[in-house]
């Protein structure tokens, strides 16, 4: 089985468990990941994000296996579309 078929057949639940294991360095039962397991799990997580979730965030892998680089202008445009998060006056506190 090639990596694309493996990632395509991976369930969302499996992805979330692998992601948690990579982030914490431990499996769900508390046993630590070996360095080899961590590397393999991280690669699977990154491939799933690129191929299945198709994330286009800055510094994430895209579907072609390349890292997305966004310009300053692209960030400004994204934040402008989101609108204000919160605005406070200095006297409010």
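The values are calculated or read from the model by the stated rules, or taken from the named source; none is laboratory data. None of the values given here were measured: they were computed from a predicted structure. Cβ sites come from the backbone with ideal geometry, for glycine too, and all protein chains shown count toward neighbours.
Okay, here's what the table says:
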item	result
Members of the stretch 37-59 found to be over 14 Å from residue 18 (Cβ atoms) and exposed (fewer than 14 other Cβ atoms within 10 Å of the Cβ), listed by number	54, 56, 57, 58, 59
Of residues in the stretch 8-25 being outside any helix (DSSP H, G or I) and exposed (fewer than 13 other Cβ atoms within 10 Å of the Cβ), the one modelled with the highest pLDDT	25
Test: residue in the stretch 39-59 that is on the phi < 0 side of the Ramachandran plot, part of a loop (DSSP other than H, G, I, E, B) and at pLDDT 90 or above	no
